[in-house]
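Data block below; observations after.
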Amino acid sequence: MAKYDAAKDKYDETVAVISAKEAQSARLTAFTKALRERDGIIEDFDESLWGCMVEHITVGRNKEMTVTFQDGTEIQA
(Lines give C-alpha, C1' and ligand atoms only; values in the text may rest on other atoms or scores of the structure.)
Protein backbone atom coordinates (compact mmCIF):
# COMPACT_ATOMS: atom_id res chain seq x y z
CA MET A 1 0.00 0.00 0.00
CA ALA A 2 2.86 2.42 0.77
CA LYS A 3 4.34 1.82 -2.68
CA TYR A 4 0.97 2.67 -4.28
CA ASP A 5 0.60 5.82 -2.18
CA ALA A 6 4.10 6.99 -3.13
CA ALA A 7 3.42 6.35 -6.82
CA LYS A 8 0.03 8.13 -6.59
CA ASP A 9 1.63 11.14 -4.88
CA LYS A 10 4.30 11.31 -7.58
CA TYR A 11 1.64 11.05 -10.29
CA ASP A 12 -0.46 13.82 -8.71
CA GLU A 13 2.63 16.00 -8.42
CA THR A 14 3.51 15.41 -12.07
CA VAL A 15 -0.04 16.21 -13.22
CA ALA A 16 0.04 19.48 -11.22
CA VAL A 17 3.36 20.50 -12.80
CA ILE A 18 2.06 19.71 -16.30
CA SER A 19 -1.12 21.71 -15.66
CA ALA A 20 0.88 24.70 -14.43
CA LYS A 21 3.13 24.55 -17.51
CA GLU A 22 0.12 24.33 -19.83
CA ALA A 23 -1.49 27.34 -18.13
CA GLN A 24 1.75 29.31 -18.45
CA SER A 25 2.00 28.36 -22.11
CA ALA A 26 -1.57 29.52 -22.72
CA ARG A 27 -0.84 32.89 -21.05
CA LEU A 28 2.32 33.37 -23.10
CA THR A 29 0.49 32.43 -26.30
CA ALA A 30 -2.23 34.98 -25.54
CA PHE A 31 0.39 37.62 -24.76
CA THR A 32 2.30 36.92 -27.98
CA LYS A 33 -0.91 37.00 -30.00
CA ALA A 34 -1.86 40.36 -28.47
CA LEU A 35 1.56 41.79 -29.33
CA ARG A 36 1.36 40.55 -32.92
CA GLU A 37 -2.05 42.16 -33.38
CA ARG A 38 -0.60 45.58 -32.48
CA ASP A 39 0.37 48.06 -35.15
CA GLY A 40 3.63 49.85 -34.48
CA ILE A 41 5.18 50.64 -31.13
CA ILE A 42 3.16 50.36 -27.92
CA GLU A 43 3.30 53.86 -26.48
CA ASP A 44 0.44 53.80 -23.96
CA PHE A 45 -0.21 51.65 -20.91
CA ASP A 46 -2.23 48.60 -21.89
CA GLU A 47 -3.98 46.86 -19.02
CA SER A 48 -4.49 43.59 -20.90
CA LEU A 49 -0.80 43.26 -21.80
CA TRP A 50 0.23 44.18 -18.27
CA GLY A 51 -2.12 41.52 -16.90
CA CYS A 52 -0.55 38.87 -19.12
CA MET A 53 2.94 39.64 -17.84
CA VAL A 54 2.41 40.15 -14.08
CA GLU A 55 1.92 37.27 -11.64
CA HIS A 56 1.28 39.50 -8.61
CA ILE A 57 2.21 42.76 -6.91
CA THR A 58 3.17 42.99 -3.24
CA VAL A 59 2.76 46.30 -1.41
CA GLY A 60 4.84 46.71 1.74
CA ARG A 61 4.14 48.73 4.88
CA ASN A 62 6.16 51.70 3.62
CA LYS A 63 4.23 51.63 0.32
CA GLU A 64 7.14 50.01 -1.50
CA MET A 65 5.95 47.66 -4.23
CA THR A 66 7.44 44.48 -5.62
CA VAL A 67 6.16 43.41 -9.01
CA THR A 68 6.57 39.68 -9.72
CA PHE A 69 6.31 38.72 -13.37
CA GLN A 70 5.12 35.40 -14.78
CA ASP A 71 8.72 34.23 -15.30
CA GLY A 72 9.63 34.90 -11.66
CA THR A 73 11.48 38.17 -12.30
CA GLU A 74 10.91 40.72 -9.54
CA ILE A 75 11.38 44.49 -9.62
CA GLN A 76 11.02 47.06 -6.87
CA ALA A 77 8.82 50.03 -7.64
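The values are calculated or read from the model by the stated rules, or taken from the named source; none is laboratory data. Everything numeric here is computed off the predicted structure, so don't read it as measured data. As a convention, Cβ positions derive from the backbone with ideal geometry for all residues, glycine included, and neighbour counts pool all protein chains shown. What goes into the accessible areas is simple: the full protein's heavy atoms, side chains included, and nothing from ligands, DNA or RNA. Shrake-Rupley method; radii C 1.70, N 1.55, O 1.52, S 1.80 Å.
Please compute the length gained on full extension between Arg36 and Thr68, using 0.36 nm multiplied by the number of residues separating them and subtracting their Cα-Cα distance.
Numbers: separation 32, 0.36 × 32 = 11.52 nm, distance 2.38 nm.
Value of the extension gain: 9.1 nm.
Near Glu74, within a Cβ-to-Cβ distance under 15 Å, what is the net charge of the other residues, with Lys and Arg +1 and Asp and Glu -1?
Numbers: positive: none; negative: Glu55, Glu64, Asp71.
Taking every Cβ under 15 Å from that of Glu74, the sum is -3.
What do you get for Rg/Rh of the chain when both radii come from the Cα atoms and Rh is the Kirkwood radius? List each step's numbers first, then the result.
Details: Rg = 18.3 Å, Rh = 15.5 Å.
Answer for the chain: 1.18.
For region 7-77, with only Lys/Arg (+1) and Asp/Glu (-1) charged at the beta-carbon, what is the dipole magnitude about the Cα centre, in debye rounded to 20? Could the numbers behind the result be given before it?
Numbers: 9 positive and 14 negative charges, 45 e Å.
Rounded to the nearest 20 debye, it is 220 debye.
Let me confirm the definition first: pairs of Lys residues in the chain, 8 or more apart or on different chains, C-alpha distance under 29 Å. How many are there? Show your work: numbers first, answer last.
Values: Lys3/Lys21; Lys8/Lys21; Lys10/Lys21; Lys21/Lys33.
Close lysine pairs found across the chain: 4.
Under a GNM of the chain (C-alpha, springs under 10 Å), which listed residue has the highest mean-square fluctuation: Ala34, Ala26, Ala16?
Result for the chain, Cα springs under 10 Å: Ala16 fluctuates most.
Got a number for carbon plus sulfur as a percent of the chain's accessible area, 1.4 Å probe? Don't skip to the end; give the middle numbers.
Values: 3720 of 6620 Å².
Within the chain, the accessible surface is 56 percent carbon and sulfur.
Of the GluC sites (Glu not before Pro) in the chain, which ones lie in a loop per DSSP and count no more than 15 other C-beta atoms within 10 Å?
Details: sites: Glu13, Glu22, Glu37, Glu43, Glu47, Glu55, Glu64, Glu74; in loops: Glu37, Glu43, Glu64.
Answer in residue order: Glu37, Glu43, Glu64.
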